[in-house]
Each structure stands twice: as structure tokens, then as C-alpha cells.
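A.B. asks: Below you will find the structure I want to go over with you.
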Amino acid sequence: MNTFFRLLGGLFLMMVTQVAAGASSPDVIYYNATVLTMNDEQPTAEAVAVKEGKISAVGKSTDLLPSAGKGTKKVDLGGRTLLPGFVDSHGHAWMIGLQALTANLLPPPDGTGKDIDSLVQLLQDWAKAKPEAIEEIGWIVGFGYDNSQLAEQRHPTRQDLDRVSKNIPILIIHQSGHLGVANTKALEIAGITAATKNPEGGVFQREADGKTPNGVAEEYAFFQLVTAFGKSLNKAVNDLFAVEGAKMLASYGYTTGQEGRATSASLASLQRVADAGDFKIDVVAYPDILEIDAIRPSRDYTNRFRVGGAKLTIDGSPQGKTAWLTKPYYVPPPGRDKDYAGYPAITEQQRWTPSKRRTPTIGKFLCMRMVTPPWTC
């Protein structure tokens, strides 16, 4: 095993087989388990002792149990497997919070969104069960539909969502997070009409007349809908998304979560939650470098939060067929010709440095925007 994983294993476990003589009793002992240590020199164990939130010993159950004191909690895992906490390599903690609190539109086996009628029913059921949420934010929201897994093999349209409500704006978010669908009311609130042009790096899908938006929005067009929805959210709701996202990550065994594209609003929310001491896991954020001018990364967590770097979105989602490919898609999306290969999400102007000089890599562009004053590039 390479040095990195040896270090990782070392962080997870201390290389001991029993609590040191004279040490105080552990707070918790997990025993009767298969403990995967990620440590070649001690790959498995039966028990783990924890003191003040840190692992104090690992070894056999018969070695660790005698160290229990009167206040020690003993947890019999019944032969189950105990793993180190997971580190989220690319996720969106704030968006996960939104997912946790809105209608679950995921297809089977994670949800029941198997066809468009199912999505309509799920949204109706959520709206009926959560009148206080609609009262608070004024929208009906769902997350996780996937057109490729729907029986109809297409995106829902504004008319489909109008079956849920014509008076309340509705936004549903594709499983990839790169696309979404709005009902007629939401399009109206966002100011999207037949005269609205596609933004650079995004597409409003159209009806048969080639002009009227059908409700489906891709990439930067979708972000316009998200912005319209975001205007209805106060600080308390934004912060609730951050808290609930971290909770959901923790419930699946993550001890480090990530916000892989922080906007100014979500970054401020994550910082407020951290300042209040409300994160139970570590959260690292990567702000969108095209939206936030001054980004100050840190290797150190403060109140379980840090900015780890920056995010630059160059193209979209293979799943949503918005990723920018070198060859055309084998099956292009509806309305696209056989040469369709996706499109860039970064505009021509953004591909130039502020001095209008082209650079051979994106590195100098990142360097110039990373901090104020800029780093020496």
C-alpha cells in the first residue's frame, strides 16, 4: 500500500492493541465487529475504543473490554463491519440539503419516480404534506428526476408540471444538477418568454414552434431558474439547507462533505452555519471562480468548515447530454442533429484573461482571480 494510504490509515487508527496503562477509561467501546483499519500492518481488528471523540485503541474485544469504566458505553456490533468515515470526493452539501427537504423524484430503487405521472403525484403529495414549506418559500420543488430512467424517455415539460399547480411556481431538478424543469408560473417569475435568447453556455428547450420555452432548461439557462427560486429564500432557509445537507451526508457515513460549486449565497450560508458551530462533520467548499472574485483557500478548518480551492465549470453533464465531447453523442437528445457534441459552459470572453491575452492553460486565469491582491503567477 502506498504512503498516502498508510498515512490515511494512521489518521484513522492509533497503532496500539490496548489502552495504555494508567489511561482513563474510554467513553465508548465498539466490539464484536470486523474493523477495517486501512492499515497494512494491522488490517483488521475486533474492537475500537473512543475517548473524547478520538480513537484511543484498536484490537481484540477481549483486550479492550476490560478497560471499560463505570461511564463507558459498550456497543456490541454483532459481527457487523466497522469502516473509517467516508470523504466526499465531489458533492454539493448545500444542494443535498435542498434535496433532503424537497420532493424525492429519484427513480427506483432510490425513489418511485418511474414515469411522468409518478413525478406529478410525488409533487402533489409533497405539496399536500408540506403546506408550511410552500408558505415559507412560495415554491414547490423536487429533486432527482432522470429522463433517461423515465418510462417516457423524455423530460417533463411545463405543461406536465402545470398539472400540479398553475398558480404556484414549480421547479424540479435533474439528478445531475445541471438541468431542470419549470412550470409556466415559474417561467413567468423568472422572466423567461419566447423572446428570451439562450444564454452562452445554456439552452432553453423550445416547443414545436421553435420559440416558446417548454420548461426544460440546461446549464446556465437552468441557473437562471435557480436564481429566481433563490430570491424567495431568506437566510434562515439557506442555512437550513446547509445544516440538513451535512446531516444527510453524516447519515450515510461521511465525515467530510463537500460543496463542489459554492455560489455567493451558498458560501455565505455555509460560513454562517460554521460560525454558529452547527456542523457535525467537516465541510469543504469550492466557490465558483467566475462568480466570486476573491477566494481565500485554507488548509485548516475553522468550526469544521474551510474553503479548499475554486471551481471552474467548463462544460456540463454526460448524463444530461450537455457535456462538451470531442465526438458527437451516439444518440443525440431530442431536437439535436447527429453532429451534436454538447457545448461549453464557459463563454468565449471568460476564456480570455482580463488583459485579453490568450494563455496556453487555465492556470494563469485561476491565479489572477484566486485572491486579492493576486498571487504572483
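Taken together, the values in this text are just the output of simple stated rules run on the coordinates, not laboratory data. Computed from a predicted structure; not experimentally measured. Reconstructed Cβ throughout: ideal geometry from the backbone, glycine too, with neighbour counts over all protein chains shown.
A.B. asks: In a Debye calculation with equal point scatterers on the alpha-carbon sites of region 23-162 and no solvent, what is log10 I(q)/I(0) at q = 0.20 Å⁻¹?
C.D. replies: -1.07
A.B. asks: Now, a different point. Please list, short to long, the whole-number percent of alpha-carbon pairs of region 214-272 in consecutive 5 angstrom bins beginning at zero.
C.D. replies: In whole percents, the pair-distance histogram is 4, 16, 23, 22, 17, 13, 5, 1, 0.
A.B. asks: If the limit is 32 Å between Cα atoms, which of 166/280; 128/211; 128/235; 247/338; 73/130; 54/231 go over it?
C.D. replies: Among 166/280; 128/211; 128/235; 247/338; 73/130; 54/231, the Cα-Cα distance tops 32 Å for 166/280; 128/211; 247/338; 73/130; 54/231.
A.B. asks: Quick one: helix 3-12 against the long Cα principal axis of the chain, what's the angle to the nearest 10°, folded into 0 to 90?
C.D. replies: The two axes meet at around 70 degrees.
A.B. asks: When the chain is modelled as a GNM with alpha-carbon springs shorter than 10 Å, which of 106, 77, 312 fluctuates the most?
C.D. replies: Among 106, 77, 312, the largest mean-square fluctuation in the Gaussian network model of the chain belongs to 77.
A.B. asks: Given the alpha-carbon gyration tensor of the chain, what are the semi-axes of its equivalent ellipsoid in whole angstrom, ordered largest first, with each equal to the square root of 5 times an eigenvalue?
C.D. replies: In descending order the semi-axes read 44, 27, 20 Å.
A.B. asks: I'd like to compare 339-349, 47-57: which one has the highest average count of other Cβ atoms within 10 Å, and what's the full order after that?
C.D. replies: The peptides rank, most packed first, as 47-57, 339-349.
A.B. asks: Over the chain, what is the relative contact order in whole percent, taking alpha-carbon pairs under 8 Å and six or more residues apart?
C.D. replies: Normalised by residue count, the contact order of the chain is 11 percent.
A.B. asks: Which GluC sites (Glu not before Pro) from region 105-171 combine a DSSP loop assignment with at most 15 other Cβ atoms within 10 Å?
C.D. replies: Working: sites: 132, 135, 136, 152; in loops: 152.
Hits after loop and neighbour filter: 152.
A.B. asks: Output the relative contact order of region 235-307, whole-number percent, from Cα pairs under 8 angstrom with separation of 6+ residues.
C.D. replies: 33 percent
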